[in-house]
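Q: One structure coming up, written as structure tokens, with questions to follow.
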Amino acid sequence: MLAIPPKRHLTPILEFLTAEETDALIAAPDRTRWTGRRDHALLVLAIQTGLRISELCSLTYTDLHLGVAASVSCTGKGRRTRATPLTSTTTAVMTTYLTERRSRPGSALFCGPRGQRLSRDALEHRLAVHAATAAATCASLADKHLTMHTLRHTAAMNLLAEGVDISVIALWLGHQRTQSTDVYMHADMTIKQSALDRTRPANIPPGTYQPEADILTWLAAL
């Protein structure tokens, strides 16, 4: 039985958010309400750190370290513990959120009305609500199947776009092997475009071909 190869199937296209889509999604929660401020902090943390949905659900407010070299600690797959650094923007958002969170019952970082941990379904539901709101200002979001894992993909693609080595991204995401992270290199069209530009003759400038404005008139006159 173990020698039988697995069935081949189509690999879906990896989806992630652009900078414009990310900004629209983060701005979607209504921050005049407690749930909106909680969801805003959740989205900021998820997109910057790339934590899995199970890791986000299990966070407590003691997992946040907001002093010098701010970071968040979590236990991922295989019970492997890792710490992920936080940017100054994320640190500011989480500092403000944590001040309000401590006045509520329970120890879960992202909690429900009675202090209980939010479930995976609850997180996906909140994301769907905010995605629908954000789609009103960013139409491209309506065409994407947005899940919490999409935010994880977005974090990885942002790191890759900034030139971070793939092995470092694997450590960042908690991957045991870099093979699990190679999918992001296939999804990054800028890397492929750069490789294509290197194949061009020296006298041709890099970039996408743009025809002359009167090319159709010239062709019709032939």
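Bear in mind that the values in this text are calculations on the coordinates, not laboratory data. As the structure is a computational prediction, the values presented were derived from the model and not from experiment. For neighbour counting, all protein chains shown are included, and Cβ atoms are generated from backbone atoms with ideal geometry for every residue, glycine included.
Q: Can you pull out the residues in the range 35-58 that are surrounded by 23 or more Cβ atoms within 10 Å (Cβ to Cβ) and either more than 17 Å from the chain's Cα centre (by Cα) or of a type in the set (Asp, Glu) (or both)?
A: ASP39
Q: Continuing with this model, one more query. May I ask you to list the residues in the range 107-118 that are in contact with a helix residue (DSSP H, G or I) (Cβ under 7 Å, 6 or more places away or on another chain) and either closer than 24 Å to LEU173 by Cβ or in a strand (DSSP E or B) (or both)?
A: If the condition is that a residue be in contact with a helix residue (DSSP H, G or I) (Cβ under 7 Å, 6 or more places away or on another chain) and either closer than 24 Å to LEU173 by Cβ or in a strand (DSSP E or B) (or both), then LEU109, PHE110, ARG117, LEU118 are the ones that fit.
Q: Here's another thing I want to ask about it. Please work out which one of (1) among the hydroxyl-bearing types (Ser, Thr, Tyr); (2) surrounded by 15 or more Cβ atoms within 10 Å (Cβ to Cβ); (3) free of Cβ contacts under 8 Å to residues at least 12 places away in the same chain is the condition THR32 fails and give its number.
A: (2)
Q: Another question about this same structure. (1) in contact with a Leu (Cβ under 8 Å, 6 or more places away or on another chain); (2) assigned to a helix (DSSP H, G or I); (3) over 22 Å from ALA132 (Cβ atoms): which one isn't true of CYS74, the others all being true?
A: All conditions are met except number (2).
Q: A further question follows. Kindly indicate whether any position in the range 83-92 is assigned to a helix (DSSP H, G or I), within 22 Å of THR32 (Cβ to Cβ) and not polar (S, T, N, Q).
A: yes
Q: Does VAL68 satisfy the criteria of being surrounded by fewer than 14 Cβ atoms within 10 Å (Cβ to Cβ), within 24 Å of VAL168 (Cα to Cα), free of Cβ contacts under 8 Å to residues at least 60 places away in the same chain and among the hydrophobic types (A, V, I, L, M, F, W, C)?
A: yes
Here is a yes/no grid of residues against (1) part of a helix (DSSP H, G or I); (2) in contact with a helix residue (DSSP H, G or I) (Cβ under 6 Å, 6 or more places away or on another chain):
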position: GLY163; (1), (2): no, no
position: ILE169; (1), (2): yes, yes
position: GLN176; (1), (2): no, no
position: HIS186; (1), (2): yes, no
position: SER194; (1), (2): yes, no
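Q: Test ARG126 against the criterion of being under 25 Å from ARG102 (Cβ atoms) and either in a helix (DSSP H, G or I) or of a type in the set (Gly, Ala, Ser) (or both), and give yes or no.
A: Yes; evaluated as a whole, the condition is true for this residue.
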